[in-house]
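Taking it in order: structure first as structure tokens, then the write-up.
Nothing in this text is a laboratory measurement; each read-out follows from the coordinates by a stated rule. Since this is a predicted model, take the numbers as computed values, not measurements. Here the Cβ is made from the backbone with ideal geometry for all residues, glycine too, and neighbour counts use every protein chain on show.
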Amino acid sequence: MDIQLTILIPVYNEINLIQKFSSNLINIFKNTSAKYIFIDDGSTDGTSQWLKENIKIIYNDYQFELLSLNKNYGKGYAIREGIKKIEGTYTLCIDSDLEYNPKDALEIYTIIKKNNNIDVLYGSRYLGGKIQYRKHFLNDIAVRLNTYIFNILFDQSITDLHTGTKVIKTLLIKDLQLSLNRFGLEIDMSSQIAKKNYNIYEYGISYVERTKEQGKKITFLDGLLSYFFLFKMRFIQNDLPTLISIIYSVIFMFYFGTLVGGSGMINFITCLFCVSIGLMLGINRKLIPLSFMFFTIYLTILFVPENIKIFSIFTTFMLSFFISRKISNKFKFYKNSFILKYLI
């Protein structure tokens, strides 16, 4: 029977749960044409030995592979290694810690398989009426905050950026140039999907969180790094035309900040604010729309009387913002041209 689905399962130090997870997974997906890929990410608690001895017994009648990494590289690296082996139309990523129920994963797969227009379907811990149990208030806040920032930066409206259960069409996941290790994977994957203009659909799933003593591995450092990863994926890891636009926009907005910001701390705050605006403008606009904006704002700064300058600059900015967006949208279908990619 042809493979329709590949299930990627990264595993690290799960000796207390791996047997239960493995048995549950195969029982739930036994009637599905699936390939199972377990990636042992350098486990040191006996998980590696258990996988080598038992996976071939439990999955004897099914297609499976066990990839054993020589040390702990992180979830992102493990998934990248697994992607090299995937087959079929769809790829399911699921954590092996049983915080996520494999039954929900099957439900998600069934939905996406019936809807060919859906390329990406995330299991969201913040949708639907399924059972939820959270032990860490700060973790919950961090997930919500990261998701909110991601939505702003990538013009999305998802509810759970860091979900550990997702189904993606195999052709799409193979096309992603993933590079982040550890738990940066979720940001890496979602940002690239968003940049490629694929819609991210969501479906409610259950979630039962573990404590650190029970094996939860995400740390405070991972939380801090997530903000750097969000910045990197949005403002640094871009194609050359977008990088040029961002640099061009930041330089001009910083210059405008020096013109209107006064002195001392006020000037610093104004420049910082203008640079932030410049970063966001450079993402979605190329050189011609940006130049139109900057030219109109510059003329306002030069010729408008001082007593109405702030109001005039704001008004001009808003008008040029919407006009430049229309310019970009009008020509978005003609950007296959090498030159237009840089200009519009």
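Of note:
- Scoring 184-191, 18-25 by mean Cβ neighbours within 10 Å over their residues and listing the highest first yields 184-191, 18-25.
- Net charge, T44 excluded, C-beta distance under 12 Å - Lys, Arg +1, Asp, Glu -1: -3
- Rounded to 5, the percent of DSSP beta bridges in the chain classed as antiparallel: 25
- Cross-link pairs beyond the 23 Å C-alpha cut-off, checked among K56/K216; K84/K341; K56/K114; K195/K341; K169/K196: K56/K216; K84/K341; K56/K114
- Kirkwood-type radius of the chain, with distances r between different C-alpha atoms, in Å: 22.5
- Per the Debye formula on identical point scatterers at the alpha carbon atoms of the range 240-343, with no solvent, log10 I(q)/I(0) at q = 0.12, 0.22 Å⁻¹ is -0.41, -1.14.
- Cα lying deepest toward the dipole's positive end in the range 226-344, options N329, F292, F317, charges on Cβ: N329
- Applying the Karplus relation 6.51 cos²θ - 1.76 cosθ + 1.60 with θ = phi - 60° to the range 149-160 yields 3J(HN,Hα) values of 5, 4, 4, 5, 5, 10, 6, 10, 8, 8, 10, 8 Hz, where x marks Gly and Pro.
- A simple charge model with +1 on the Cβ of Lys and Arg, -1 on the Cβ of Asp and Glu and nothing else charged puts the dipole of the chain at about 820 debye relative to its Cα centre.
- Of all aspartates and glutamates in the structure, the ones whose alpha carbon falls short of 20 Å from that of K113, not counting any fewer than 8 places away in one chain, are D2, E87, D104, D175, E202.
- A simple spin-label model places pseudo-atoms 7 Å from Cα toward Cβ; at Q214 and F295 they are separated by 6.2 nm.
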